[in-house]
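Taken together, the values in this text are just the output of simple stated rules run on the coordinates, not laboratory data. The shown structure was predicted, so the numbers you read here are calculated from the model rather than taken from an experiment. Glycine gets a Cβ as well: all are built from the backbone with ideal geometry, and neighbour counts include every protein chain shown.
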Amino acid sequence: MAKDLKKRLVVSAVNFTEGGPLTALRDCLSAANSSLLDDWEIIALVHDRRLFDIPRIRFIEFPRTKFSWLSRLYHEFWRFHALSLELKPNVWLSLHDISPRVKAARQVVYCHNPAPFYQARLVDFWWEPRFILFTLFYRYLYRFNIHANDLVVVQQDWIRQEFKRMFNVRNVLVAHPILANQTLRKPSNFVKISGVFLYPALPRVFKNFEVLCDAARLLRQRVGDVFEVRLTLLGDESKYAAYIKSHYGDLPVIKFIGRQTAEQMMRHYQEADAVVFPSRLETWGLPISEAQEFGKPIIVADLPYAHESVGCYEQAVFFNPLDSKQLATIMLAYLQGELKFEPHFHLPISSPFAPNWEKLIGMVVGEAGRENIL
């Protein structure tokens, strides 16, 4: 089929370079690659094409968008408008919250940033003032041009209800950010280490590292150095990271392993006894899904996002994310083989709903690619 007869999907994610957002972008592009037939051309707008390895997809780099918010807004509302006139896409999918000013037969925005829903503490203004300002800024950013979209995508049902309330939108679809039949390649020749609790997260104030570290201090007073807690930070990433390192760096049971590659993270998941996820705010919580893929027990914050992310799983226990004593008690019970799990179930998500990336791609292309929907 001639190239000019192909339908065209543009996926815009020029600010995704690390962590969960980068994983989501890779999964999205993989799903588009496997879901759409050859009569589709897939174009990805990215910060650095070297972060990807999908031969079919055409990558266009925008390395300057992360320099400042002025640069970012220029691209979203002026540069991308000109690009859309040039590319003439059937579908424009913006993966990073902003509803750009573009010309496309069908426009979709994927909103993943939980900032507008964060209840800030006074100390957060010292640790991460930029993020706290974003909690206010994002309320306006989400609102701007949102009604230009044919579809607004969020990751959980509670966020859908908030979007309807805050922005008066009705075309909101819930999509879980997982791949259909997803399997992780497990490393071989690993050594199982007893008593390892893993918390993989970037050092942001809402990630709540301190409650886990306080629990580790309490637990060490009870059992000594027979366990370890692995944190994916070093202490030099931000004021908040520096605070965590300065207040808990003297505890030998806490291992500051820093940012890890995907291959290294697979090894840490494999070696861990359990994954702890105390974050106070998420739109999904990707490590919860990754822990399930490895069949690992999950000790997770008792919050709405976590219950939806855990879904139907038999090895989860929930705790108050502000109660380090309760967390320490749960960790102690696990080490002693006395922790009781109860099967967890979550109510079905109402329509429109996409349970994985592949289904979402089909719903994103909509009438433009109806014959290709899985």
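For the chain, the Cβ-based charge dipole about the Cα centre amounts to some 920 debye (Lys, Arg positive; Asp, Glu negative; other atoms uncharged). Taking only the C-alpha atoms of the range 196-335, Rg followed by Dmax gives 13.7, 38 Å.
The lysines whose alpha-carbon is closer than 21 Å to the alpha-carbon of LYS66, local same-chain residues fewer than 8 away aside, are LYS239. Lysines near LYS7 by alpha-carbon distance under 20 Å, same-chain residues fewer than 8 away left out - which ones? Result set, ordered by chain and number: LYS88, LYS103, LYS359. Give me P(r) over the chain, computed from all C-alpha to C-alpha distances, binned every 10 Å, as integer percentages. Per 10 Å bin, starting at 0, the Cα pair percentages come out as 5, 23, 32, 25, 12, 3, 0. Between VAL226 and VAL123, the contour length at 0.36 nm per residue exceeds the Cα-Cα span by 33.8 nm. Relative to the longest principal axis of the Cα atoms of the chain, the long axis of helix 239-248 lies at roughly 20 degrees. Using only Cα atoms and rounding to the nearest 10 degrees, what angle (0 to 90) does helix 209-223 make with the longest principal axis of the chain? The answer is roughly 20 degrees.
By how many degrees, between 0 and 90 and to the nearest 10, does the Cα long axis of helix 262-271 differ from the longest principal axis of the chain? In the chain, helix 262-271 runs at an angle near 30 degrees to the longest axis.
In terms of the mean number of neighbouring beta-carbon atoms within 10 Å, the peptides 342-348, 329-335, 72-78 order highest first as 329-335, 72-78, 342-348. Quick one: check the C-alpha center-to-center distance for the range 240-282 versus the range 345-359, whole angstrom. The two parts, judged by their Cα centres, are 30 Å apart.
The spacing between the range 1-69 and the range 307-338, judged by their C-alpha centroids, is 37 Å.
Couplings 3J(HN,Hα) of the range 10-25, computed from phi: 9, 10, 9, 8, 6, 9, 8, 10, 7, x, x, x, 5, 4, 4, 5 Hz, in residue order, whole Hz [Karplus 6.51 cos²θ - 1.76 cosθ + 1.60, θ = phi - 60°; x for Gly and Pro]. By other beta-carbon atoms within 10 Å, ranking SER30, SER351, SER279 with the fewest at the front produces SER351, SER30, SER279. Between HIS346 and ALA105, the C-beta separation translates, for a Förster distance of 41 Å, into a calculated FRET efficiency of about 0.70.
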